[in-house]
């Protein structure tokens, strides 16, 4: 019945009254501007945090492993920051052997010190919150390594950082192969020096220097005749900071 009345009223020109809806007041330009600034600030903070995470993210304990971030964008800069100083120090001390080998002083301090475990890599300390009954289990002993062992390790880690394909194993990376070629010649030098073979030591040293120059070129370090290796290198790892956050 009501529907019929409404229909007739409409057909006769009498409309059914409808309540008026008051339009909402338009937002002020200041409020719109504040919202835009707030949104932009939040979005910028998110982008900055994402960029920082991408820069600092390092896959694997060895730092220089492959993965989605492997290659020139992330891994190589971080590997350079961590290992350049130690590789340079190794090159400096290795080149210093040349004078002793030339003189035939195979049992001298320079050669023996290069291979000796005289670099402290871990200090003795007590483990925190250790509840072991045996006191020795809570004690961490100090450890030593040689300049040669440290040089081998850092050359490998730095070389492996130049791997562009995450599926490629380290032994297939050109820079790792070059580091191993250098290692082979230094080990031959070590054996010759121990045996007192002056000729063998000289030949192995010359071959090692040649292999080292090839490696240094491919990891973007100066050649062996550069003034970079005339003194001790700075082996401290420089801090990487983004604003007030540093690693």
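Observations on the structure shown:
- Looking only at the range 90-99, residues that are farther than 18 Å from residue 201 by Cα and buried (at least 21 other Cβ atoms within 10 Å of the Cβ) come to 1 in all.
- Apart from one condition, residue 129 fits all of (1) in contact with a strand residue (DSSP E or B) (Cβ under 8 Å, 6 or more places away or on another chain); (2) over 30 Å from residue 195 (Cβ atoms); the exception is (1).
- Of all the numbered requirements in (1) touching a helix residue (DSSP H, G or I) at 6+ places or on another chain (Cβ under 7 Å); (2) surrounded by fewer than 16 Cβ atoms within 10 Å (Cβ to Cβ); (3) closer than 17 Å to residue 86 by Cβ, residue 229 misses one, and that requirement is (2).
- Within the range 141-172, the set of residues being exposed (fewer than 13 other Cβ atoms within 10 Å of the Cβ) and part of a helix (DSSP H, G or I) comprises 171, 172.
Every residue, every condition in (1) assigned to a loop (DSSP other than H, G, I, E, B); (2) under 29 Å from the mean Cα position of the chain (by Cα), yes or no:
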| site | (1), (2) |
| --- | --- |
| 88 | no, yes |
| 91 | no, yes |
| 99 | no, no |
| 102 | no, no |
| 107 | yes, no |
| 111 | no, no |
| 118 | no, yes |
| 128 | yes, yes |
| 132 | yes, no |
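Read-outs: derived from the displayed coordinates by stated rules, not from any lab. This one's a predicted model, so the numbers in the text were calculated from it and none came from an experiment. Neighbour counts run over all protein chains shown; Cβ positions are idealised from the backbone, glycine included.
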